[in-house]
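Colleague: Here it is: the structure, laid out below.
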Amino acid sequence: MNLTVPPCASLPAPEFGQSSDGLTVARLGDAAFAMIPKRHGGFFLGSGWRLSKPLADWTRSDFYGHGGDVADETAFRALVQEQAEQQAEVATLARRETRSSASTPWGPSQGATHYGEGVVFHTTSGHVGFHLSPERNAKVHLHSCSLAGFYEEDAAWAAVATAWPEIFTTLERKQAEKTLRHSRPDAWEAIHGRALLPGESRTRDAECFAQDHAKDWVVISAIYSDPHPGFTEVVATLGGQCDPSAQERRFLVPSKEYKVGPFGFVIDESRHAAYDGPSSFIGWRDRG
């Protein structure tokens, strides 16, 4: 059975249901979403576009986008509702689309969306991003300012939304804050006037890990050991350097213990035995 969520004010109403192969799905205007199981458990948010057939006829093959992990159906519905609020907010903003052939760092523009005076979002064949007029660009924080006024979509765009929040939606501002915090922690700290705490920024946490373990052996490659069942043979370098000139050492780690964290596995030399015997790594078999 398909259920329609009652609209709030001018919010577009999402339609929820089940696909023909049992996926929890939703339609929101031209956008389609699905809660797709991952191979090793959990779900991710799949997306599609302009699926005109009934929800009950949708299948996994209709979805090609990957919108990140989804914990459960409650979280899925919340994400779809968030997209509904996003669409409603966009409708209240004075954005307009035009044709464009402007030159950008990513190639000739194939179309432009004007977010406001001096704030233009360009689409090209290979990339997208914002271009700011000199007047607008002068207001971007020094730590994240581009002298040319171009800001690509992956991370740099967050500087634009941070400088001019009134022309962005609630969701876009939330995404910009998260992007800036994780990718450019120095800029985030300068803007917010405080240091980030452990766990608040992937980049800052990675920097701390590298500093804390600069003199430790950190695994850069691993393989199950054929000569030593139950163990994983690993190659490690100091600080986890991947430089070809870095000194490498091999260790044997119990396979049950070998679980890689977000920034690598640190060798405990008091427990993990250095190893120079027969290797399961093809590249090490001919080494002396």
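Read the figures in this text as sums done on the coordinates, not as results from a lab. Here the structure is a predicted model, which is why all the values come from computation and not from measurement. Glycine gets a Cβ as well: all are built from the backbone with ideal geometry, and neighbour counts include every protein chain shown.
Colleague: Going by a ≥ b ≥ c, the root eigenvalues of the Cα gyration tensor, does segment 1-159 fall in the rounded group (a/c under 1.5), the prolate group (a/b larger than b/c) or the oblate group?
Modeller: Prolate, because a/c is 1.5 or more and a/b exceeds b/c.
Colleague: Helix-derived [θ] at 222 nm for the chain: sum -39500 (n - 2.57) over DSSP H runs of at least 4, divide by residue count, nearest 500?
Modeller: -6500 deg cm²/dmol
Colleague: Let me ask something else about it. From the phi of every residue in segment 263-274, what ³J(HN,Hα) in whole Hz does the Karplus formula 6.51 cos²θ - 1.76 cosθ + 1.60 yield, where θ is phi - 60° and glycine or proline is x?
Modeller: Taking θ as phi minus 60°, the curve returns 10, x, 9, 9, 6, 9, 5, 7, 10, 9, 6, 5 Hz for segment 263-274.
Colleague: A further question on this structure: Which ³J(HN,Hα) values, rounded to whole Hz and listed in residue order, are derived for segment 54-65 from phi using the Karplus coefficients 6.51, -1.76 and 1.60 in 6.51 cos²θ - 1.76 cosθ + 1.60 with θ = phi - 60°, glycine and proline given as x?
Modeller: Along segment 54-65, the couplings run x, 4, 5, 9, 5, 9, 4, 5, 6, 10, 10, x Hz.
Colleague: When a/c reaches 1.5 or more, the comparison of a/b and b/c decides; with that in mind, is segment 240-288 rounded, prolate or oblate per its Cα gyration tensor?
Modeller: The shape class here is oblate.
Colleague: Binning every alpha carbon pair distance of segment 96-192 at 5 Å from zero, what are the percents per bin?
Modeller: 3, 14, 25, 25, 20, 9, 3, 0
Colleague: Determine the distance separating the Cα centre of segment 43-115 from the Cα centre of segment 223-273; give it in Å without decimals.
Modeller: Here the answer is 42 Å between Cα centres.
Colleague: Length gain on complete extension for the stretch E269 to I223, per 0.36 nm per residue less the alpha carbon to alpha carbon distance?
Modeller: 14.7 nm
Colleague: Restricting things to Cα coordinates, could you compute the convex hull volume per residue of the chain in Å³?
Modeller: In the chain, the Cα convex hull volume per residue is 208 Å³.
Colleague: Order of 22-29, 94-101 by packing, highest average Cβ count within 10 Å first?
Modeller: Packing proxy ranking, top to bottom: 22-29, 94-101.
Colleague: Quick check: from the Cα gyration tensor, does segment 127-168 come out rounded (a/c under 1.5), prolate or oblate?
Modeller: rounded
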